[in-house]
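The values are calculated or read from the model by the stated rules, or taken from the named source; none is laboratory data. Here the structure is a predicted model, which is why all the values come from computation and not from measurement. Positions of Cβ are generated from backbone atoms using ideal geometry, with glycine treated the same way; all protein chains shown enter the neighbour counts.
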Amino acid sequence: MKSIFNRPPNSRALATALGQSSTEYLVICAALALALGLGMADDTSALRQLLDAFALSYQKISFAISLP
C-alpha cells in the first residue's frame with residue numbers, strides 16, 4: 001500500500017486529500033458562524049460582543065497611529 005506522500009506532488013490522491021481538508025474547514029467555519037450568529041437578536045450575543053471588541057480595538061490603534 002502506497003502512501004499519498006510517496007507520490008508526485010501533483011497527483012490526484014493528494015489533490016483529493018487537500019480538497020477534503022478544505023471541505024472540513026468550510027463545514028467547521030459554517031458551524032461556528034451559525035453558533036455565534038444564532039443569538040444576534042440582542043446586544044448580549046457573543047458575536048455582537050466580539051464585533052464591538054474589534055471595533056474598539058481598531059479605534060484605539062488608529063488613534064495611536066495618528067499621534068505624532
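Any idea which of Ala33, Ala64, Ala15 is at pLDDT 70 or above and within 24 Å of the chain's Cα centre (by Cα)?
Ala33
Can you list residue pairs whose Cβ atoms sit under 8 Å apart, with the first residue in the range 46-65 being under 24 Å from Ala33 (Cβ atoms) and the second being loosely packed, with under 10 Cβ neighbours inside 10 Å? Count only pairs 6 or more apart in sequence or on different chains.
Arg48/Asp42
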